[in-house]
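S.K.: Here it is: the structure, laid out below.
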Amino acid sequence: MQQDETRSVAVVGAGMVGVCCALELQRRGLTVQLFDRKPPGRETSFGNAGVMARSSLIPFNNPGLWAGLPRFLTNRTAQFRYNPLYLLREMKWGLGFLSRARPSVFNETTQALDALIRLSLPEHRRLLQAAGAEQRMRDDGWIYLYRSAQAFAGSAMARGVFDRFGVATEELDRPALLDLEPHLRPIFERALWIKDACSVDDPGQVVEAYARLFQARGGELVQREIAALQRNAQGIWQLRGADSSATAAHKVVIALGPWVNDLLAPLGLAVPLAFERGYHQNFVAAPGARLGRPVYDTAGGYVLAPMEAGVRLSTGVELTARDAPANLAQLKMTEVVARETFPLAAKSGTPWLGSRPTLPDSRPLIGAAPRHPGLWLALGHQHIGFSTGPGTAQLLADLMLGETCSINPAPFRAERFIA
Ligand SMILES: Cc1cc2nc3c(=O)[nH]c(=O)nc-3n(C[C@H](O)[C@H](O)[C@H](O)COP(=O)(O)OP(=O)(O)OC[C@H]3O[C@@H](n4cnc5c(N)ncnc54)[C@H](O)[C@@H]3O)c2cc1C
């Protein structure tokens, strides 16, 4: 009993990050309970574009951001919209984010994200196999689209980074692109096929499959909203449910995506998180049209991805409060451009909105919470939390169990932002 108690872990949040943490800690012999107020994978991990790509090592705050800034600040691009009042309120975050676009920080961040992504992708393959969901994964990359040779030339910085990190890519001219994706409209002069990438046809179902695997291996999944955390005099964490229930655990992992500060702030551990919100809308492809793999329209800043539910259009960034009412203007703007890219027929389902939780340096925070023994954090996964859940889980488990770290933990440590 004593043994069990000291090895008990409560993971709070059953998005991709939390479910992967639960699976990995379970694999390493801990007794894991996984809590979420909803069924697994119903929030941010549900509505994303399902892309898992080595090219995602370049964050939004990269040295190229400065050149695009005057255009972004007009607040008229489909790629980036913002609420000026929110930005004013979050000025410290905004300045921190911009300042970390400088080359020295960017170099550290790309190295860190590359390591995390490389750790994650093979593990996703193993998990998909173990969960009986391997048919959901396509292993044929994704494509960046450019309307002109000039636009392609403008991507030299990104291509240089891909080359430096050994990300497998192939440049395509218009005929080569149409060989690969014959139903794209012939408006793209150039394209870059990122071959080191895969994608899934239903991100929410993948999280659910992983959660079922966790349960099949003996893990306990509890649907409960956690309202507060407290460590008692014996060093045991108490999780108070919104239903007034109480659960004890020796260790707690917070994997609450955009909601982390709801539980961290009362402990004096709030992290500087902003919300890069994004929308999706699924469409039926026009008769006879088929998209083989996700494509990223670099000018429009959106992704079109083939899903089980149709072709999913995911928008770029809307920087505003997490709980601000949905504003469909960006999605509508993007739809117009997307229809020029691929023959989309009717909408299927309703628009979806989620928040990418982003720290000023665009690196997730993975590790022990300062000053709170037994409290562990896995948060801030911005645009890449669906792909990097498994790597996050491995690093977190390495650190928790005092094992040799699979990758350098320093770029992800909590002390970057929590004193
Ligand atoms: C439009 C869009 C496109 C994206 N495309 C991609 C992509 O192609 N590839 C990629 O890798 N990433 C992508 N992302 C990012 C990715 O979706 C996120 O980084 C990732 O889903 C974050 O996962 P998470 O587990 O941290 O958070 P979430 O999935 O949000 O999980 C947090 C969980 O916490 C639960 N919760 C909250 N509060 C409580 C509480 N008090 N008690 C109990 N439970 C609680 C919620 O119900 C939720 O299930 C995209 C994001 C968006 C918005």
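The values are calculated or read from the model by the stated rules, or taken from the named source; none is laboratory data. Values in this document were obtained by computation on a predicted structure and should not be read as measured data. Note: ideal-geometry Cβ built from the backbone for every residue, glycine included; neighbour counts use all protein chains shown. Protein only, heavy atoms only, side chains kept; ligands, DNA and RNA dropped before computing areas. Shrake-Rupley method; radii C 1.70, N 1.55, O 1.52, S 1.80 Å.
S.K.: Just one of (1) over 25 Å from the mean Cα position of the chain (by Cα); (2) surrounded by 15 or more Cβ atoms within 10 Å (Cβ to Cβ); (3) not in a loop (DSSP other than H, G, I, E, B) trips up Gln230, so point out which.
M.R.: (2)
S.K.: How many residues are surrounded by fewer than 24 Cβ atoms within 10 Å (Cβ to Cβ) and within 15 Å of the ligand (Cβ to nearest atom) when one looks only at the range 23-34?
M.R.: Residues in the range 23-34 being surrounded by fewer than 24 Cβ atoms within 10 Å (Cβ to Cβ) and within 15 Å of the ligand (Cβ to nearest atom): 1 in total.
S.K.: Taking the options Leu34, Leu85, name whichever one is outside the structural domain of Leu353 (by TED's automatic domain parsing) and either without any contact (Cβ under 8 Å) to a residue 60 or more places away in the chain or under 22 Å from the mean Cα position of the chain (by Cα) (or both). If you could, list the steps in order and put the result at the bottom.
M.R.: On the way: Leu85 fails: outside the structural domain of Leu353 (by TED's automatic domain parsing).
Sole residue among the options that is outside the structural domain of Leu353 (by TED's automatic domain parsing) and either without any contact (Cβ under 8 Å) to a residue 60 or more places away in the chain or under 22 Å from the mean Cα position of the chain (by Cα) (or both): Leu34.
S.K.: Given (1) within 30 Å of Arg212 (Cα to Cα); (2) more than 15 Å from the ligand (Cβ to nearest atom), identify the lone condition not met by Glu90.
M.R.: (1)
S.K.: Being within 15 Å of the ligand (Cβ to nearest atom) and in a loop (DSSP other than H, G, I, E, B) is the filter; apply it to the range 208-226 and report the residue that is most open to solvent (accessible area, probe 1.4 Å).
M.R.: Going through the qualifying residues, I end up with Glu225.
S.K.: Restricting to the range 233-257, and then to whatever is assigned to a loop (DSSP other than H, G, I, E, B) and within 29 Å of the chain's Cα centre (by Cα), can you tell me which residue is farthest from the ligand (Cβ to nearest atom)?
M.R.: Within the range 233-257, the subset assigned to a loop (DSSP other than H, G, I, E, B) is 233-236, 242-245, 250, 255-256.
Adding the requirement that they be within 29 Å of the chain's Cα centre (by Cα) leaves 242, 250, 255-256.
Details: Ala242: 7, His250: 19, Ala255: 5, Leu256: 4 Å.
Only one residue fits best here, namely His250.
Conditions (1) open to solvent by less than 10 Å² (accessible area, probe 1.4 Å); (2) among the hydroxyl-bearing types (Ser, Thr, Tyr), marked per residue:
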position	(1), (2)
Gln281	yes, no
Ala289	no, no
Tyr296	no, yes
Ala324	no, no
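S.K.: Could you figure out which of (1) part of a strand (DSSP E or B); (2) not assigned by TED's automatic domain parsing to the domain that holds Thr6 isn't true of Glu335?
M.R.: (1)
S.K.: Tell me yes or no: at least one residue of the range 258-267 is within 15 Å of the ligand (Cβ to nearest atom) and part of a strand (DSSP E or B). Break it down stepwise before answering.
M.R.: Going through the range 258-267, the residues within 15 Å of the ligand (Cβ to nearest atom) turn out to be 258-267.
Filter once more, keeping what is part of a strand (DSSP E or B): none.
No.
S.K.: Exactly one condition in (1) assigned to a helix (DSSP H, G or I); (2) more than 8 Å from the ligand (Cβ to nearest atom) is not met by Val19; state its number.
M.R.: (2)
S.K.: Right, next: Out of all the residues in the range 114-127, is one or more at pLDDT 95 or above, within 11 Å of the ligand (Cβ to nearest atom), on the phi < 0 side of the Ramachandran plot and hydroxyl-bearing (Ser, Thr, Tyr)?
M.R.: Yes, because at least one residue in the range 114-127 is at pLDDT 95 or above, within 11 Å of the ligand (Cβ to nearest atom), on the phi < 0 side of the Ramachandran plot and hydroxyl-bearing (Ser, Thr, Tyr).
S.K.: While we're on this one: Scan (1) in contact (Cβ under 8 Å) with a residue 60 or more places away in the chain; (2) part of a helix (DSSP H, G or I); (3) open to solvent by 10 Å² or more (accessible area, probe 1.4 Å) for the single condition Gly204 breaks and write down its number.
M.R.: Tallying (1) in contact (Cβ under 8 Å) with a residue 60 or more places away in the chain; (2) part of a helix (DSSP H, G or I); (3) open to solvent by 10 Å² or more (accessible area, probe 1.4 Å), Gly204 fails exactly one: (3).
S.K.: Suppose the filter is buried (at least 18 other Cβ atoms within 10 Å of the Cβ), within 14 Å of the ligand (Cβ to nearest atom) and either of a type in the set (D, E, K, R) or modelled with pLDDT of 95 or more (or both); does Val317 pass it? First the steps, then the outcome.
M.R.: Working: buried (at least 18 other Cβ atoms within 10 Å of the Cβ): yes; within 14 Å of the ligand (Cβ to nearest atom): yes; either of a type in the set (D, E, K, R) or modelled with pLDDT of 95 or more (or both): yes.
Yes: the conditions hold for Val317.
S.K.: Take Gly385 and tell me if it is more than 22 Å from the chain's Cα centre (by Cα) and among the small types (Gly, Ala, Ser).
M.R.: Numbers: more than 22 Å from the chain's Cα centre (by Cα): no; among the small types (Gly, Ala, Ser): yes.
Here the answer is no, as Gly385 does not meet what is asked.
S.K.: Moving on to the next point. Within the range 396-403, can one find any residue that is in contact with a Gly (Cβ under 7 Å, 6 or more places away or on another chain) and open to solvent by 10 Å² or more (accessible area, probe 1.4 Å)?
M.R.: Checked against the condition, which is being in contact with a Gly (Cβ under 7 Å, 6 or more places away or on another chain) and open to solvent by 10 Å² or more (accessible area, probe 1.4 Å), the range 396-403 yields at least one hit.
S.K.: Among the listed residues Ala112, Ala14, Ala78, identify the single one that is of a type in the set (Gly, Ala, Ser), outside any helix (DSSP H, G or I) and open to solvent by less than 10 Å² (accessible area, probe 1.4 Å).
M.R.: Values: Ala112 fails: outside any helix (DSSP H, G or I); Ala78 fails: open to solvent by less than 10 Å² (accessible area, probe 1.4 Å).
On inspection, the qualifying residue turns out to be Ala14.
S.K.: Answer with yes or no whether Leu239 is touching a helix residue (DSSP H, G or I) at 6+ places or on another chain (Cβ under 8 Å) and either open to solvent by less than 30 Å² (accessible area, probe 1.4 Å) or over 26 Å from Gly141 (Cβ atoms) (or both). Let's see the steps before the verdict.
M.R.: Numbers: touching a helix residue (DSSP H, G or I) at 6+ places or on another chain (Cβ under 8 Å): no; either open to solvent by less than 30 Å² (accessible area, probe 1.4 Å) or over 26 Å from Gly141 (Cβ atoms) (or both): yes.
No, not satisfied.
S.K.: Right, Ala345: more than 9 Å from the ligand (Cβ to nearest atom), at pLDDT 95 or above and open to solvent by 10 Å² or more (accessible area, probe 1.4 Å) or not? Write out each step before concluding.
M.R.: On the way: more than 9 Å from the ligand (Cβ to nearest atom): yes; at pLDDT 95 or above: yes; open to solvent by 10 Å² or more (accessible area, probe 1.4 Å): yes.
So Ala345 passes the test.
S.K.: Being within 16 Å of the ligand (Cβ to nearest atom), open to solvent by less than 30 Å² (accessible area, probe 1.4 Å) and of a type in the set (D, E, K, R) narrows it down to one of Arg363, Arg356, so name that one. First the steps, then the outcome.
M.R.: Values: Arg356 fails: open to solvent by less than 30 Å² (accessible area, probe 1.4 Å).
Checking each option against the conditions leaves just Arg363.
S.K.: Within the range 37-59, can one find any residue that is more than 16 Å from the ligand (Cβ to nearest atom) and touching a Lys or Arg at 6+ places or on another chain (Cβ under 8 Å)?
M.R.: The initial filter retains those residues of the range 37-59 that are more than 16 Å from the ligand (Cβ to nearest atom), namely none.
No, every residue in the range 37-59 fails to be more than 16 Å from the ligand (Cβ to nearest atom) and touching a Lys or Arg at 6+ places or on another chain (Cβ under 8 Å).
S.K.: Still on this model: List the pairs whose first member sits in the range 230-257 and is modelled with pLDDT under 95, whose second member is of a type in the set (A, V, I, L, M, F, W, C), and whose Cβ atoms are under 7 Å apart, counting only residues at least 6 apart or on separate chains?
M.R.: none
S.K.: Somewhere in the range 292-306, is a residue free of Cβ contacts under 8 Å to residues at least 60 places away in the same chain and closer than 23 Å to Ile384 by Cβ?
M.R.: As a first pass, look at the range 292-306 and keep what is free of Cβ contacts under 8 Å to residues at least 60 places away in the same chain: 304.
Still in the running and closer than 23 Å to Ile384 by Cβ: 304.
Checked against the condition, which is being free of Cβ contacts under 8 Å to residues at least 60 places away in the same chain and closer than 23 Å to Ile384 by Cβ, the range 292-306 yields at least one hit.
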